[in-house]
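To keep things clear, I will list the structure first and then write my remarks on it.
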Amino acid sequence: MTGRILVVDAVPTNRIILRVKLSAAYYEVVQAASGEAALAMLRKADPDVVIAASDLPDMSGRTLCAAIRHRCASRPGPAVPVIIVHPAGQADERLASLAAGADDVLSRPIDDIVMLARLRSLLRARDAEAELQLRDDTRRALGLAEQAADFTTPGQVRIIADRPGDSVRARIEALRRRSDDHIELVDPDNAMRENPRHPDVVVLLETEHSAGDVLSLLPQLRSNRSTRRSALVYVALPDQRREAASALDMGASDLMSDGLEVEELAIRLTKQIARKRLGDRLRAN
């Protein structure tokens, strides 16, 4: 088995469909029909990932996510990734779930290709963090760990876009106003040039002119000296489902599969900057 997935949904049909799809991909699947049952199963089964419906009989998916986060904070090791599944067309709920700590949000009907790629990506990231955390715990036990900094500086965000139109530029400008981070826009031809400022996050943004070409930069960014430790966020257009899945398998840290949405990207950037800096600190220790 490649991992244990806890599926939480009050509708038996939804649970069965996910179990069949995940089992076919060699995941072990455990199930729960409510939030309380899921929390009990969390203690018993120790899943690697939780996939929960947004509307449970006894609590919302966001409440369950917060409870899982609280439980994980009280024990050593990385947090259990949580994916929340929403009905289509609920943009506000999607943002609220991400803000509540969900690692990703999927819309029904679930895109199998993207879901499986997302699971592989989350499990890889969790394993990498667990390895770094183990080394940090060893140093802490020996009295060698350094205290974390009390302050954080603005993040460095580089957005790569090919011939962005006025609409895309307006949304990037709105992101700048929304965020305290330093955000620069570069074209693909200049993306790989040496820059004294190593970015915390690189956003690869597909536009109507790029036709998926921006994706080809991802392996180079992942191996480049100045960006190999950066978080990489791939923003695909709605009709680029295969490109979206490929981006995760090629090393993207996060994915937006419905184009550029300012509030969602702002939330994801905050999470990715925090995770990148945690990794930097653990690596330095």
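The values are calculated or read from the model by the stated rules, or taken from the named source; none is laboratory data. None of the values given here were measured: they were computed from a predicted structure. Note that we place each Cβ from the backbone using ideal geometry, even for glycine, and neighbour counts take in every protein chain shown. These accessible areas exclude ligands, DNA and RNA; they are computed on the full protein's heavy atoms, side chains included. Shrake-Rupley method; radii C 1.70, N 1.55, O 1.52, S 1.80 Å.
Points to keep in mind about this one:
- Amide hydrogen neighbours beyond the local backbone of SER54, cut-off 5 Å, H modeled: VAL85
- The chain - share of DSSP beta bridges that are antiparallel (%, nearest 5): 5
- The stretch 197-252: trypsin sites (Lys or Arg not before Pro) in DSSP loop, at most 11 other beta carbons within 10 Å: ARG197, ARG225
- For the chain: relative contact order, % (alpha-carbon pairs under 8 angstrom, 6 or more apart): 14
- Most mobile of VAL202, VAL82, VAL168 in a GNM of the chain (Cα contacts under 10 Å): VAL168
- Relative contact order for the stretch 163-265, counting Cα pairs under 8 Å that sit 6 or more residues apart, in percent: 27
- The calculated 222 nm mean residue ellipticity attributable to helices in the chain amounts to -14500 deg cm²/dmol, summing -39500 (n - 2.57) over DSSP H runs of n ≥ 4 and dividing by all residues.
- With contacts taken as Cα pairs under 8 Å at a separation of at least 6 residues, the stretch 1-101 carries a relative contact order of 27 percent.
- Hull volume in cubic angstrom per residue (convex hull over the Cα atoms of the chain): 136
- Amide H to amide H, with H built 1.01 Å from N, VAL29 comes under 5 Å of ILE5, counting only residues 5 or more places away or on other chains.
- 12 Å beta-carbon shell around LEU42, net charge (K/R +1, D/E -1): +3
- Restricting the GluC sites (Glu not before Pro) of the stretch 160-232 to loop positions (DSSP other than H, G, I, E, B) with no more than 16 neighbouring Cβ atoms within 10 Å leaves GLU194, GLU208.
- Mean projection area, nm², convex hull over Cα of the stretch 151-270: 7.0
- Accessible surface, 1.4 Å probe, highest first, among residues HIS182, HIS70, HIS198: HIS70, HIS198, HIS182
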